[in-house]
Amino acid sequence: MGTFSGGSSSSTSGGIPKSAHTEVGTSGRLLSACAGSVAVALTVTPLDVAKVRMQAAVAIVRKPVSAVGWEASLAACHNCPVFFCSNGIMEHCFDKREAAWSHCFNNQQLMGNAASTPTLRAQRGLVRVLRNIVAEGGVAGLYAGLPATLLIAVPNNVLYFATYEALRDRLQRFALPGLVAASVPGIAGGGARMVAACAVAPLEVVRIRMQAGRFADGGGSMPRAHQGVGTMLAEIVRSQGPRALFLGLGSTLWRDVPFSALYWIGVERIREAVLRRGWWEKSPVQGPLVAGFAGVLAGGAAAFGTTPFDVAKTRQQLDRTATAGSGKGLWATLAHVVREEGVAGLFTGSLPRVGRVGPACAIMLGSYEFTKVLWTRTHETAVDPLAHLRLAPLFAFSAITAERPGTMPRVST
């Protein structure tokens, strides 16, 4: 059977080694995507919560949006009832009035005057903020919003990775050599992200409506929090039309589809280069190690390349709040940034974004491949339950002849 190296055969084609893809069935892919989603959530969520708390301490109050740094977000906007939290893989919308986020936004209600200045100093420094969160709310405070994050992230990543690998494998059968073959990961990655984002968008809309419904003062057309998902989906479609299920999806796709295309092109190219050099070739988990290394580099590069779309999306969120729902479109926002701040303005906040997205991609892809390795090993070493039945006659014959050594047949060699 041999030792499993965590990847497919390292045979070459035209001098280029095959990517370290662990071949598993649908069940293995689904389980691996779930494991990767949980690993990212458990690892990155505390850092996200600390970032939100630091952003909330800035409290932008009636201030024009002129720069998008780490502090420019809806979490820092005093007048914004909701904010977005990103773990580097997915972005989720939360209500500031949620009890789980009270340790981040209770002080913000008092901001907007000079009395808030000392609070800003108290929220500077990542380690200090993490300690304050634990001191105030225990370890559970570090995982604010985790259930809602997993509710959306797990099905999203399951569909995303399953679709990517299915599209990649299908396209590779028909791809021509050269440029077309090299573009297969990009096409598969962009297509997979579009499918996953469109499929999960209605769930995110419903989750936000249910979240807001818990704080509604009663009356109106606000959906009640206790309504089921199916009932709320039908109510939204009936009252606002199908397009209401995909609010904000356009700007999300403009950011995430190019990111996914660049990311998978980078991952597959880096995988090939690493395998060609023989890195970790003797390790039993070569596939996960290569995947994690490729993920951090490709994720960081793709995050930097798509920063302009992230800047535009953040500007749109802030502008819509400041203008009571109206605001510029995506391309108008990008043109405004270039006109006011130059091309460099499109990459404001790129370093924090790269530092957040790169490690998150490494954790996600590395965990995904590692779980596939475990799944393959488990099924390789699994005992066939029918094997004992097939061998039963041999065991019985051996037991009988063992009592009469003289009758044991000789086996020729």
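The values are calculated or read from the model by the stated rules, or taken from the named source; none is laboratory data. Values in this document were obtained by computation on a predicted structure and should not be read as measured data. So basically every Cβ, Gly included, is an ideal-geometry build from the backbone, and we count neighbours across all protein chains shown. In case anyone asks, the SASA skips ligands and DNA or RNA and just uses the protein heavy atoms, side chains included. Shrake-Rupley method; radii C 1.70, N 1.55, O 1.52, S 1.80 Å.
Once the piece of chain linking GLN240 and GLU281 is laid out straight, how much longer is it, given 0.36 nm per residue of separation minus the C-alpha distance between them?
On the way: separation 41, 0.36 × 41 = 14.76 nm, distance 5.62 nm.
Additional length available on full extension: 9.1 nm.
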TODO: Arrange the residues SER251, SER102 by how much accessible surface each exposes, largest first, with a 1.4 angstrom probe.
DONE: SER102, SER251
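Pulled fully out, how much extra length does the chain show between HIS336 and HIS379, if you take 0.36 nm times their separation in residues and subtract their Cα-Cα distance? Display every interim value, and only then the final one.
Working: separation 43, 0.36 × 43 = 15.48 nm, distance 5.62 nm.
Between HIS336 and HIS379, full extension yields an extra 9.9 nm.
For every other residue with a beta carbon closer than 11 angstrom to the beta carbon of GLU165, add +1 if it is Lys or Arg and -1 if Asp or Glu, then tell me the sum.
On the way: positive: ARG29, ARG168, ARG170, LYS372; negative: GLU23, ASP169.
With Lys, Arg at +1 and Asp, Glu at -1, the neighbours total +2.
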Open item on the list: Going by Cα centres, the stretch 146-202 and the stretch 258-284 are how many Å apart?
Closed with: 17
